[in-house]
Amino acid sequence: MTLDNVGIIGFGQSKFVKTRIDVTFPELVREGATMALENAEISIDDVDAVVYPLAPDALIGVGNGERWVIDALGAVGKPFMRVNNGGATGMSAVLTAWTHIASGLFDVVLVAGADRVSESSSAQSVLNKMWDVGYERPVPLNTITMLALSAQRYMHLYDSDETDMAMVSVKNRYHASLNPNAHLQSTVTIEEVLASRTLAWPIKLMDACPASTGAAGLVLVSERYAKKNGLKPAWIRGLGQNSETYWMGNRVGPKAMGDHADADALAVAFQRAYDQAGITNPREQVDVAEIYAPFSSVELHVIEAAGIADKGKSPAALANGDYTLGGNGVTVNPSGGTQCTNPIAVTGLIRVGEAANQVLGLAGAHQVKGARVAIASAIGGDHQFYSTMVICSDLEEI
Amino acid sequence: MTEAKFYEQTWDLQYKHALGETTSRFLEGLTQQKIWGRRTTDGRVLVPARSYDDQTHMPTGEWVEVGNSGTIEMFTIVYEPFKGLPVPPYALVYVLLEGADTALVGYLKGLDLKNQKDAIAALGIGTKVYVHFSKTPVGSAADYWFELSK
């Protein structure tokens with residue numbers, strides 16, 4: 001089966017903040033849709049189908065939230081699909097849109113959504129409900145503790161420490177200070193990160209993402225539509241997905257398939273995308289990475305899963321000036337990443353949009369000079385659902 | 001500008017989940033101070049007991065009683081209060097029990113957590129712990145926790 005090439009012709013995102021009281025949730029979603037359409041210079045009438053990312057309903061406090069926003073998305077009278085893959089939701093929605101177009105069924109697909117996590121003070125209680133009712137629910141696991149466990153194990157396996165995590169925070173907050181849409185825009189020092197209060201050791205407040213409010217959207221098109229209309233999209237050149245077991249306790253010990261310290265299943269997803277795109281040496285061929293990492297600790301092993309560093313070696317490279325704008329090698333999360341802006345439903349979508357902006361030279365103050373090849377990734381569930389993409393400015397050999 | 005208005009709500013939803021034969025037998029074992037696992041087709045022992053294997057998708061078979069002591073595989077100590085979750089500090093550990101191939105999650109109790117530095121220093125991957133069973137079991141996963149081996 002021959003698949004059509006798919007490109008990104010529009011990306012819109014709001015300024016992310018803690019709270020918005022000037023709009024309802026559907027009105028916020030409409031912002032994402034409208035900004036993406038305006039950026040693509042098309043109207044809703046040009047859109048063949050709509051894909052809508054939304055994570056757990058309980059976070060927005062409305063059941064089947066896709067019903068609420070159908071008019072805000074302009075999806076009435078069009079094929080429509082909601083996607084929920086936890087933290088990977090936004091990127092899974094883009095993958096769904098890609099499938100819609102690559103199959104030849106549609107030429108123009110809108111993906112847009114929003115989140116306003118701070119409207120519920122019970123977010124971690126909602127997320128605690130992910131765990132098994134028989135075996136795990138009596139223990140108060142949540143999305144912070146699940147990744148604190150991973151961080152602690154990474155530190156042990158690779159002789160890493162909290163300063164390594166703090167370096168990630170310092171880099172990302174610097175990058176976010178250059179991104180007018182980022183939520184956390186103030187720079188921090190290593191000392192400030194280390195002195196910030198402990199949430200779940202070793203994760204401290206300044207290692208953690210904020211609960212962000214805002215909207216974002218993308219417009220994807222087929223190659224034939226792009227050619228017919230003389231457009232120059234950012235091209236999706238490779239995609240990967242992979243999944244990991246539900247049970248964190250199955251990710252330790254000598255007989256585990258993958259270690260909870262690492263993101264082994266994500267490494268497989270990256271390899272799948274690299275194989276499609278013809279990337280054999282990501283350290284040389286990739287210019288910029290927009291990788292999903294809600295906590296500083298996560299970025300270390302995602303860099304390694306992307307093949308940009310060997311396992312356990314990303315902290316040393318970071319200390320050496322790698323991954324920072326204007327530094328050596330692949331620039332990682334020049335937008336400031338998920339650690340500085342996390343509107344859960346669209347976080348993965350923003351990774352793709354930022355990657356597209358980079359290869360099109362549209363990233364403004366956080367532009368990586370001359371970027372041609374970008375990678376993006378997202379993670380959902382308990383380090384469980386992984387999505388990856390390779391995005392390039394052209395369709396030539398990478 | 002009109003004063004912003006808000007709508008407040010609380011979701012109060014009730015569920016009674018059937019836990020099935022395998023989980024029920026594991027939980028019953030806790031009331032007898034036993035930890036049960038299930039053997040996979042390739043010989044691994046899944047603890048807590050599960051009726052199918054995440055690696056092979058095959059049903060598990062034989063019930064295997066594993067030891068009541070083991071080693072920490074990962075841990076965290078929570079200092080931040082989260083709405084709807086217990087008052088901190090508390091320590092959570094995943095423990096590989098003797099004879100098990102997967103780790104069991106639980107609270108680690110009996111360690112003073114107020115001094116974060118000292119508490120962290122007392123815990124590590126490989127630290128030996130044992131299962132402490134509740135004297136008043138109710139047949140739930142809250143019937144056990146871990147404590148440091150003496």
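Nothing in this text is a laboratory measurement; each read-out follows from the coordinates by a stated rule. This is a predicted model, so every value here is computed, not measured. Ideal geometry is used to build each Cβ from the backbone, glycine not excepted, and the neighbour counts take in all protein chains shown.
Structure values in brief
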read-out: About the Cα centre, charge dipole magnitude for the protein assembly as shown (Lys/Arg +1, Asp/Glu -1 at Cβ), debye; value: 620 debye
read-out: For chain A, with +1 on Lys and Arg beta carbons and -1 on Asp and Glu, the positive-most of A:Y135, A:S103, A:A261 along the dipole; value: A:Y135
read-out: Compactness of the range B:4-150 as Cα Rg over 2.2 N^0.38 Å, two decimals; value: 1.23
read-out: ³J(HN,Hα), Karplus 6.51/-1.76/1.60, whole Hz, each residue of the range A:285-297, x for Gly, Pro; value: 8, 9, 8, 8, 10, 10, 10, 6, 8, x, 10, 3, 4
read-out: Highest-fluctuation residue, A:I379, A:I70, A:I236 considered, GNM on chain A with Cα pairs under 10 Å; value: A:I70
read-out: Placed amide H near A:D322: partners under 5 Å, 5+ positions off or other chain; value: A:N328
read-out: Charge dipole (the protein assembly as shown, unit charges on Cβ, about Cα centre) - positive-most of A:Y274, A:M167, B:Q33; value: B:Q33
read-out: B:W11-B:V138 FRET efficiency (beta carbon distance; Förster radius 22 Å; 0.05 resolution); value: 0.25
read-out: Radius of gyration and maximum dimension Dmax of the range A:254-323, Cα, Å; value: 12.3, 36
read-out: Which of A:F25, B:F6, A:F16 has the fewest Cβ neighbours within 10 Å, and the rest in rising order; value: B:F6, A:F25, A:F16
read-out: Listed pairs A:K311/B:K83; A:K18/B:K114; A:K204/B:K114; A:K18/B:K5; B:K83/B:K109; B:K34/B:K117 exceeding 24 Å between Cα atoms; value: A:K311/B:K83; A:K18/B:K114; B:K34/B:K117
read-out: Partner lysines for A:K227 [C-alpha distance under 28 Å; skip if fewer than 8 residues away on the same chain]; value: A:K78, A:K369
read-out: Nonlocal amide H pairs with A:Y52, under 5 Å, H built at 1.01 Å; value: A:M81, A:R82, A:V83
read-out: Calculated FRET efficiency for the pair A:E397/A:K313, C-beta based, R₀ 35 Å, to 0.05; value: 0.75
read-out: GNM top mover of A:A256, A:A289, A:A378 - chain A, alpha-carbon springs below 10 Å; value: A:A256
read-out: Burial ordering of A:I101, A:I21, fewest other beta-carbon atoms within 10 Å first; value: A:I21, A:I101
read-out: Long-range Cα-Cα pairs in chain A (distance over 28 Å), rounded percent; value: 40 percent
read-out: Charged-residue dipole, Cβ positions (Lys, Arg, Asp, Glu), chain B about Cα centre, Debye nearest 20; value: 300 debye
read-out: Alpha carbon convex hull of the range A:249-398, volume per residue in cubic angstrom; value: 109 Å³
read-out: At 0.890 mPa s and 25 °C, Stokes D of the range A:120-184 from Kirkwood alpha-carbon radius, µm² per second; value: 170 µm²/s
read-out: Helix-only [θ]222 nm of chain A, DSSP H runs n ≥ 4, -39500 (n - 2.57) each, per residue, nearest 500; value: -10500 deg cm²/dmol
read-out: Label zone at A:E27, where the point sits 7 Å out along the Cα-to-Cβ direction: the range A:326-368 residues whose backbone N lies under 16 Å; value: none
read-out: Test item: Cα-centred dipole of the range A:49-159, Lys/Arg +1 and Asp/Glu -1 on Cβ, debye; value: 100 debye
read-out: Residue order, fewest to most beta carbons within 10 Å, for A:V62, B:V45; value: A:V62, B:V45
read-out: Cut-off under 5 Å, modelled amide H: who pairs with A:G214 long-range; value: A:D115
read-out: Table column - 3J(HN,Hα) (Hz), the range B:123-137, Karplus curve with 6.51, -1.76, 1.60, x for Gly and Pro; value: 10, x, 5, x, 4, 7, 9, 10, 7, 9, 9, 5, 6, 10, x
read-out: Table column - 3J(HN,Hα) (Hz), the range A:370-383, Karplus curve with 6.51, -1.76, 1.60, x for Gly and Pro; value: x, 4, 10, 10, 10, 10, 9, 8, 8, 10, x, x, 8, 6
read-out: Antiparallel %, DSSP beta bridges [both residues in chain A], to 5; value: 70 percent
read-out: DSSP bridge pairs, the range B:20-148: antiparallel proportion in percent, nearest 5; value: 95 percent
